[in-house]
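To start, the structure itself, in C-alpha cells.
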Protein chains: 2
Amino acid sequence: MSVHDKHEIAKRSILDNARPLIGARGFSTVGIAQILVAARIPKGSFYHYFDSKERFGEELLSLYITDYLTTLENLFSNSQQNGYEKICVYLKFWQNTHIDGKVGDKCLIVKLAAEMADLSETMREIMQHGTAKVIERLADVIQNGQQDGSITKELPAAILAATLYQTWLGATLMLKITKHTQPFDVAWQTSTLLLKGFPELP
Amino acid sequence: MSVHDKHEIAKRSILDNARPLIGARGFSTVGIAQILVAARIPKGSFYHYFDSKERFGEELLSLYITDYLTTLENLFSNSQQNGYEKICVYLKFWQNTHIDGKVGDKCLIVKLAAEMADLSETMREIMQHGTAKVIERLADVIQNGQQDGSITKELPAAILAATLYQTWLGATLMLKITKHTQPFDVAWQTSTLLLKGFPELP
C-alpha cells in the first residue's frame, strides 16, 4: 500500500469516526480535541490530515454527500419496482434513518444546513451542489414513474422531486423539535397525495 | 415606573438586540461577551438579568414565539378574507421575512431547531410547544376555509396545517442552502395544490 493510500484511509477513518459527533452536536460546538478523541488519533495528527477545522468540515460534508448518492443508487437498483415504489423505498429509508438509525447515520444536511449555510460559504456550496444532485436523481425516478403510470403527471418531475425533498427536510426538523414520529406520518400523507393525486371524489 | 418594570424593559431590550446576532450566527457560536456588545450593556450585567446563557436562550425563544403568535393574529385579523386568503397572507409573510426581511426578523425556529433540539431539552420543549400553537392556529384558519369553501376538504385541517408548516420549514432550509428563491416557488406550488386540490383534468 502506498503512503498516499495509507494517508487517505486514515483520513477516511477520522471522517467516519467524527461524523456521529458532528451529527449529534453540530459543527461549531465540537472542538478539534473532541474530534481527535472520537477518531482515536493522537494529538497533533489533525493538521497532518486537514489544513483547518473548516477544511475538515468541508471534507466531512463532501464525503457524506458522496456516500448518500451511492446509497441512493442502491435504493433505486431494483428493476422490478416502478417509479412510485422506488420513491417510497427512498422515503422509507429516510424515515428509518431518523427513527431507528444511529446518530451517525442521520442526515448531516438537516443538522448542518441552518447552522453552517450562514457561516461558511464553502460548506454552503457543498450542500447546494449535493442537494441539487439528490433532487435531480429523485426527479429522474419520478419521471420514470410518470412514464410507467405509477406517479401522477400533475406536477413536473423536477418540482415534485424538490417538494418531496423539502417536505421531508422540514418533517425531520419537526421530528427533532417534537421527538414524535407524527411529522413523518404527515409527510407520508402529503407525499402520497403529491405522487398519486387526490383520490377521486365520489 | 417600578424597579421590576425597569428590569423587565432592560431585559426585553437585551433580548431584542441579541436576536439578530443569534439569528445570524446560531446559539452555540455566540458568546456572552458578543451578546453584551449587541445589547449595548456593560460587562457583568448579563447575570443580573439571566441566570445562565442557556436561560437567556430559553427566554429568547419564548419571547420569539410570543411575538410570532401576536404577528399571526394580526395577519389573520382581516374579517373580509376567506380562509384560503388568510393562509396566503401568512405564507407571503413567511416568504417576505426570509427574502426581504432583516436577519433579526428571520425565523429563529429554522435557525435553532437542528442546532438546539439535540443540545437543550428545555429549548426543545419551548420550540415544541411554540410550533404546536402555530400549527393549531393555522388549523383553525384552514378549518374556517374548509367551511367557507375556499380550501379543499381532502386533508383534515390539522394535517394540512402541519404539512404546510413543515413544507415551509424545509423550503427555508433550502433557501439558506441555495441562496435562491426557487425553494419558495416550489413551496407555493405545493401549498396551492394542497389547499385547492389538483385542477380538474380535462
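Quick one: label points 7 angstrom along Cα→Cβ at B:Asp67, distances to the other copies in nm, smallest first?
3.9
Using label points projected 7 Å from each Cα along Cα→Cβ, tell me how many nm separate B:Thr122 and B:Asp5, to one decimal.
2.8
So how much accessible surface do B and A hide from each other in total, probe 1.4 Å, in square angstrom to the nearest 100?
Accessible area lost upon association: around 4300 Å².
Roughly how many whole Å is it from the C-alpha centroid of segment A:85-111 to that of segment B:159-184?
19
Simple spin-label model, 7 Å along Cα-to-Cβ: A:Lys43 to A:Asp67 in nm?
With each label point 7 Å from Cα toward Cβ, the separation is 2.8 nm.
When the accessible area of each residue in segment A:100-118 is compared between its chain alone and the complete protein assembly (1.4 Å probe; ligands, DNA and RNA ignored), which residues differ by at least 10 Å², being lower in the assembly?
Residues meeting the cut-off: A:Val110, A:Lys111, A:Ala113, A:Ala114, A:Glu115, A:Ala117, A:Asp118.
Distance in nm between label sites at A:Glu54 and B:Lys102, each 7 Å beyond Cα in the beta-carbon direction?
For A:Glu54 paired with B:Lys102, the spin-label model returns 2.8 nm.
Report the gain in length on full extension from A:Glu85 to A:Ala132: 0.36 nm times residue separation, minus Cα-Cα distance, nm rounded to one decimal.
Contour length minus Cα-Cα distance gives 14.7 nm.
Please report, as a whole percent, how much of the solvent-accessible surface of segment A:129-202 comes from carbon and sulfur atoms (probe radius 1.4 Å).
Solvent-exposed carbon and sulfur of segment A:129-202 make up 53 percent of the total.
Quick check on chain B: helices-only [θ] at 222 nm, where DSSP H runs of length 4 and up contribute -39,500 (n - 2.57) each and the sum goes over total residues. Nearest 500, please.
Taken over chain B, the calculation gives -24500 deg cm²/dmol.
Semi-axes of the equivalent ellipsoid for segment B:53-196, please: Cα gyration tensor eigenvalues, times 5, square-rooted, ordered largest first, whole Å.
Over the Cα atoms of segment B:53-196, the ellipsoid semi-axes are 26, 18, 14 Å.
Pairing the Cα long axis of helix A:3-25 with the longest principal axis of chain A, what angle in degrees results, from 0 to 90 and rounded to the nearest 10?
Approximately 60 degrees, to the nearest 10.
If I take every Cα pair under 8 Å that is 6 or more residues apart in chain A, average their sequence separation and divide by the length, what percent do I get for the relative contact order?
19
Using a 1.4 Å probe, what is the accessible area per residue for segment B:53-196, in Å²?
Spelled out: the 1.4 Å probe surface of segment B:53-196, per residue, equals 38 Å².
Given 37 °C and 0.692 mPa s, how large is the Stokes-Einstein diffusion coefficient of the protein assembly as shown in µm²/s, with Rh as the Kirkwood radius over Cα pairs?
145
Between B:Gly31, B:Gly23, B:Gly57, which gets the highest mean-square fluctuation from a Gaussian network model of chain B, Cα cutoff 10 Å?
Comparing B:Gly31, B:Gly23, B:Gly57 in the GNM, the peak value goes to B:Gly31.
The values are calculated or read from the model by the stated rules, or taken from the named source; none is laboratory data. A quick note: this is a predicted structure, and the numbers were derived from the prediction, not measured. Positions of Cβ are backbone-derived with ideal geometry, glycine not excepted, and every protein chain shown enters the neighbour counts. We work out accessible area using only protein heavy atoms, side chains counted, and drop any ligands, DNA or RNA first. Shrake-Rupley method; radii C 1.70, N 1.55, O 1.52, S 1.80 Å.
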